Amino acid sequence: MKKQKGLGRGRASTWQLLLIAAPGLIYLIINNYIPMFGVFLAFKDYNYFQGIFGSRWCGFENFEFLFRTRDAWLITRNTLLYNAVFIILGTMFSIFLAILLHELGTRKRVKFFQASLLLPNLLSWVVIGFIVYAFLNADTGFMNNTVAKALGKEPTNWYTTTGPWPFILTLVYLWKYAGCNSIIYVSTIAGIDKSIFEAADLDGAGKWQQIIHITIPMLRPTVVVLTLMAIGRIFYSDFGLFYQVPQNAGRLFDVTQTIDTYVYRGLMELNDVGMAAAAALYQSVVGFLLVVGANALVRKLDPDNALF
Amino acid sequence: MDQNYTESKHFRLFCTIVLTVLAVIALLPILLIVIASVTDEKALLANGYTFFPAALSTDSYYYMVRQGGTILRSYGITILTTVVGTLGGVLFTTMLAYPMARSSFKYRNVLAFFVFFTMLFNGGVVASYIMWSRIISIRNTLWALIVPNYLVTAFNVFLVRNYYATGIPEALIESAQIDGGNEFIIFLRIMLPLSIPVIATVALFSGLAYWNDWVNGLYYITDPTLFGIQNLLIRIMNNIQFLKSGSNAALLGTQAVELPGTSVRMAMAVIGMLPVVLVFPFVQKYFIKGVVLGAVKG
Amino acid sequence: MKKMLSLILALLMVFSLLGTVHAENYDQVVFSYATFNNIPTAEDLAVVEEAINVITREKIHAEIKLKPIVIWDYSSQISLMLQGGDQIDVFESLGDFNVCVTTGMARDLTDMLATDAKEACELVGDDWLAACSQKGRIYGIPTLKPIALTPMVIYRQDIVDELGLDMSQVNSPFDLTEIFRKVKAGRPDITPLSAVNTGNIGLGLTVPHVDYLSDDYYSPKGVLMNGEMTVVDFYASEEFRKACELARTWYNEDLVMKDAATTSSTAAELRNSGKYFASIASYSYPEADTAASLELQSNGIKLGAKIIGSAFLDTTSVNALSWMISSTSKVPEAALKFLNLTYCDPDIINLVIYGIEGRDYVKNDDGTVRYPDGFDAASVPYTAQLSCGTFGNFFLMYPMEGTSIESLAWEQEQNKNAETSAAMGFTFDNKRVKTQYTAVSNVIEQYLAGLICGAVDPETEIPIFLQRLSDAGLGDIIAAKQAQLNEWLAAQGK
């Protein structure tokens, strides 16, 4: 097996490559870069009549609300911890699914499994909120009505008990995304040179050994890239998951409140575009610093897999 | 060899069992929605969601059909935008990813950073709105459902770059260069065919994004003849959510607004999924073929 | 698909052409409103616009472009379009009066009203106009409609008859406990009280004589109570504690739905399920009418209504739904003149609400209207009927078939007679305390629903709640309110 160091060490034609990249680059400039003037909003006391450039500069005033609250630590902690769990468990579970799917090859049932695991991705968070509610509500919910009764247990008031929610939210997250994310690993495994497995077969390596010694190491570059990208968004949270799924239940805020839900609830009445922009900028900047740091680390340890 | 054979047979059995369990877990809640959508509204409220409803009713679907023949048309629009958007997206994404994967390309890191930056920072909806609706007037055209936001995303570009950089032997490119192929030829003749597994993946992600999208429709489409299916559903769904908040209900002082009930909402969820369920097996045929095909060549 | 595309393109071209033909002569006014109904197609909308223009060209030398927007996203879309530089001339505040004023979205109308909106001003009266002002300048015209919301209990008449209950003795929420106990004893299969919205069993609004001082009714911060001019913390009040204790009693005795704080069902759904006896909410119609209108959608369950509190008007009840002219409008005079027509011209207002007679609705002999045979709200080409309570002058609209015409008189009386806060006309500008607002809003979201639905013990929870509120800066908000209120009082010479 050759040492992989990117593609073709032969001289690349710069202008040809730039030309190939051009359509995508132009799109990103139009769709993402030019609209970035919108970040000015974060430093403006926005006035509709004066517009974005005419409004008064207000320094960091719009950022204040993110920090001057007793909950600042809580929402940061929740956001970070959930994301960490989602990155770790999500990756492990997706790889697990991908390996299982891969081992079955092209058999008919693979189609069925893949389709069923993908379906949850098509449901909106509002609907998923209803489903979870169907399971957990106090009066007619499946858990209290059927499961608890069958086990002879006292019914639990799920929407006022914080304990189980970190697990519930993680479960719901995996349910919605794992199937979809496993596709990435399925395609990566499919890209592995078959002769490596054949050689291992000849050497008498069993399935488990092949998975541990060949498949998983071969997935490392993908894992690294996906994790780096996830770290960039580690201050963001999936709003629907934390707002719709717990049905906005106040008693659960200690374990369900994240930066996004806090900002949403805080700005419901104020509708302040400057403060909303400030929150988004804060999340981006922190994510950016973290990812630049992590990327530098990766570059040191494993230079081939750094993002940039 | 023999031992290996029985081992892999056992292993496959193990895979099948685990996957069956997981598939059931994935499907049960969805089945619950389907059943709730055909449960009689009264029974649904009295007994809650159940797999064995006391009374069935197709009222909720009747209600949705009554909303007009618009459902079929919006299916058409969603399918069209999904197909066009996915094709265009895959093409631009792979084109952008290729130079980033060439280690001898001077600007590969600059390019990578340039792309990655868009994943973190954005100017907010207002700035994009100004861009797309005022500077490039695509309001009330099908382009508005295809172009903004989803065409090329940093995430997909990195997926493809990563695949190119690790999954394709560089010897292939070197030999092509010796044969006198320029970058365009290498990209078209070698990279594209070899990257079918990742193209299938990116196409799937992009397709899902287009299918599930209602944001573009909300911002850039005011003519209901151009509404996609999700736009149709989100309007009803979110009007309900809007009224569920006490302050909004008090504000309007009209408790008398007739709202569709739970089973209708479930029917909406089913209507949103249905075509995908119907079409997916065909897409999947190509998908699995693509993944395997790529593997054979690689 | 191709055919459809070209058809759409052709239509678009036709309309852009139509649009430019008249552009030279008349002021073009864009009128944007929130709708619950389907968004009409461009062709169907154009017919209504043309019918309106026939009137407006002559009366105010302007042409109107209608821009219906889905109600759930109305405020953010208006904000987006105004920021994006789109033309929006007339829009509604939809609960955000203060935001619209402090951010410069709304134009100062003070000097234009007398010339361009004389009729509307006379109709709504000076007191109501004052409620749409800030620091003495007027920024909007309130919707003229029944705004006096009277707290009522809506109950199932069949169960009242079955158990022989006497609802006439019920005059406050506290009287309900006995009734609920009897219902529970007589019909164990039924829960006496249901939620009316998520996290709301209706008790909050039964607390009498509260001026919310520009806050959301469901998230009050500093308020005036019992006619005093001192801003107080609503949650520290005796009345709030009593309401929570009442809810707690009901909760402990299983007299109220356990899931009230999180339910995902709507009030009507819960009512129709047959599993609940009553709900508490505020309505603007007389008792019998309220019951009758709710019965229309209750699957044949007989309903009754009993008033259990009194209506109270404060600034927010008037200006929550007010109409404004955008600060960026190039044709503010024409826009205001058109807005004026929605208050005084029955043809205009009914065109906006019901569309074209014969196509979108038909008139009955008694003056009410209905959808044409074979059509309903979802299938007529144009209707905005479900938003009828949000437009100009409610009293000029044709009543929908099934509503009683006499109740309009009662509603107008209620508007006049309802007790009015002494601080009517005062609006609070929260600019200096935004940070505290976000923190306090979050604390309220966390604690209020549980308390007011009885899910937690007020004895232990209220003190924690109050502590968290004060940590979040409620004191600053109250102080700021008091300072502005004092200034306002001084300016009023009171």
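Quick rundown of the values:
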item	result
The one condition in (1) part of a helix (DSSP H, G or I); (2) farther than 20 Å from C:Ile78 by Cα; (3) of a type outside the set (Asp, Glu); (4) in contact with a helix residue (DSSP H, G or I) (Cβ under 8 Å, 6 or more places away or on another chain) that B:Asn109 fails to fulfil	(4)
Flag if B:Thr86 is buried (at least 22 other Cβ atoms within 10 Å of the Cβ) and among the polar types (S, T, N, Q)	yes
Selected residue [touching a helix residue (DSSP H, G or I) at 6+ places or on another chain (Cβ under 9 Å) and either outside any helix (DSSP H, G or I) or modelled with pLDDT under 90 (or both)] from A:Thr91, A:Thr106	A:Thr106
Filter result for B:Tyr98 (in contact (Cβ under 8 Å) with a residue 60 or more places away in the chain, in the same structural domain as B:Ser74 (by TED's automatic domain parsing), surrounded by 18 or more Cβ atoms within 10 Å (Cβ to Cβ) and touching a strand residue (DSSP E or B) at 6+ places or on another chain (Cβ under 9 Å))	yes
Failed item in (1) over 22 Å from C:Asn38 (Cα atoms); (2) modelled with pLDDT under 80, with B:Ser57 passing the rest	(2)
Failed condition for C:Ala305, given (1) surrounded by 24 or more Cβ atoms within 10 Å (Cβ to Cβ); (2) closer than 22 Å to C:Cys100 by Cβ; (3) not basic (Lys, Arg)	(2)
Qualifying position, being among the aliphatic types (A, V, I, L, M), farther than 28 Å from C:Phe391 by Cβ, facing chain B (nearest Cβ under 10 Å) and in contact (Cβ under 8 Å) with a residue 24 or more places away in the chain, among C:Leu296, C:Leu255, C:Leu270, C:Leu321	C:Leu270
Single residue of the stretch C:384-427 satisfying the filter (part of a helix (DSSP H, G or I) and of a type in the set (Ser, Thr, Tyr)) that is farthest from C:Phe338 (Cα to Cα)	C:Ser407
Residue satisfying condition, being surrounded by fewer than 18 Cβ atoms within 10 Å (Cβ to Cβ), under 23 Å from B:Ser133 (Cα atoms) and free of Cβ contacts under 8 Å to residues at least 60 places away in the same chain, within set C:Glu122, C:Glu43, C:Glu50, C:Glu58	C:Glu43
Residue match in the stretch A:116-137 (condition: touching a helix residue (DSSP H, G or I) at 6+ places or on another chain (Cβ under 7 Å), β-branched (Val, Ile, Thr) and surrounded by fewer than 20 Cβ atoms within 10 Å (Cβ to Cβ))	no
Residue match in the stretch C:407-418 (condition: over 22 Å from C:Tyr235 (Cα atoms), basic (Lys, Arg) and either within 23 Å of the chain's Cα centre (by Cα) or modelled with pLDDT of 90 or more (or both))	yes
Sole residue being under 30 Å from B:Asp40 (Cβ atoms), among the polar types (S, T, N, Q) and crowded, with 21+ Cβ neighbours inside 10 Å, chosen from C:Ser298, C:Ser293, C:Ser317, C:Ser322	C:Ser293
Every residue from the stretch B:191-201 that is facing another protein chain (nearest Cβ under 10 Å) and out of contact with any strand residue (DSSP E or B) (no Cβ under 9 Å at 6 or more places or on another chain)	B:Leu194, B:Ser195, B:Ile196, B:Pro197, B:Val198, B:Ile199, B:Ala200, B:Thr201
Residue under evaluation A:Ser182, criteria (1) assigned to a helix (DSSP H, G or I); (2) surrounded by fewer than 16 Cβ atoms within 10 Å (Cβ to Cβ); (3) polar (S, T, N, Q), criterion not met	(2)
The listed residue being out of contact with any Lys or Arg (no Cβ under 8 Å at 6 or more places or on another chain) and on the phi > 0 side of the Ramachandran plot, out of B:Gly207, B:Gly217, B:Gly180	B:Gly180
Residue satisfying all of: in the stretch C:125-159; among the charged types (D, E, K, R) and in a helix (DSSP H, G or I); farthest from C:Glu295 (Cα to Cα) among these	C:Asp126
Output for the stretch C:191-217, where each listed residue is more than 11 Å from every other protein chain (Cβ to nearest Cβ) and assigned to a loop (DSSP other than H, G, I, E, B)	C:Leu203, C:Val207, C:Pro208, C:His209, C:Leu213
Subset tally (residues that are within 29 Å of A:Leu171 (Cα to Cα) and within 12 Å of chain C (Cβ to nearest Cβ)) for the stretch A:269-296	1
Qualifying residue in the stretch C:442-457 (condition: within 25 Å of C:Thr230 (Cα to Cα), away from chain A (no Cβ under 14 Å) and modelled with pLDDT of 90 or more)	no
The listed residue being surrounded by fewer than 18 Cβ atoms within 10 Å (Cβ to Cβ), facing chain B (nearest Cβ under 8 Å) and part of a helix (DSSP H, G or I), out of A:Phe37, A:Phe96, A:Phe53	A:Phe37
Index of the failed condition, A:Arg299 passing every other in (1) within 18 Å of the chain's Cα centre (by Cα); (2) under 30 Å from B:Ala97 (Cα atoms)	(1)
Selection within the stretch B:244-279 - touching a Leu at 6+ places or on another chain (Cβ under 8 Å), among the aliphatic types (A, V, I, L, M) and modelled with pLDDT of 75 or more	B:Met268, B:Ala269, B:Ile271, B:Met273, B:Val276, B:Val277
Test: residue in the stretch A:72-83 that is farther than 30 Å from B:Val18 by Cα, under 20 Å from the mean Cα position of the chain (by Cα) and without any contact (Cβ under 8 Å) to a residue 12 or more places away in the chain	yes
Complete set of residues in the stretch B:202-225 that are touching a Leu at 6+ places or on another chain (Cβ under 9 Å), more than 10 Å from chain A (Cβ to nearest Cβ) and polar (S, T, N, Q)	B:Ser206, B:Asn216, B:Thr225
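Yes/no per residue for (1) at pLDDT 90 or above; (2) in contact with a Phe, Trp or Tyr (Cβ under 8 Å, 6 or more places away or on another chain); (3) within 14 Å of chain B (Cβ to nearest Cβ); (4) over 21 Å from A:Ala115 (Cβ atoms):
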site	(1), (2), (3), (4)
A:Ala148	no, no, yes, yes
A:Leu151	no, no, no, yes
A:Asn157	no, no, no, yes
A:Gly163	yes, no, no, yes
A:Pro166	yes, yes, no, yes
A:Val172	yes, no, yes, no
A:Thr188	no, yes, yes, no
A:Ile196	no, no, yes, yes
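Matching residues to (1) farther than 23 Å from C:Thr35 by Cβ; (2) surrounded by fewer than 22 Cβ atoms within 10 Å (Cβ to Cβ):
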{"site": "C:Gly367", "(1), (2)": "yes, yes"}
{"site": "C:Tyr371", "(1), (2)": "no, yes"}
{"site": "C:Pro381", "(1), (2)": "no, yes"}
{"site": "C:Glu401", "(1), (2)": "no, yes"}
{"site": "C:Ile405", "(1), (2)": "yes, yes"}
{"site": "C:Glu413", "(1), (2)": "yes, yes"}
{"site": "C:Phe428", "(1), (2)": "yes, no"}
{"site": "C:Asn442", "(1), (2)": "yes, no"}
{"site": "C:Gly450", "(1), (2)": "yes, no"}
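The values are calculated or read from the model by the stated rules, or taken from the named source; none is laboratory data. Just so it is clear, the structure is predicted and the values come from calculations on it, not from any experiment. Backbone-built Cβ (ideal geometry, glycine too); neighbour counts: all protein chains shown.
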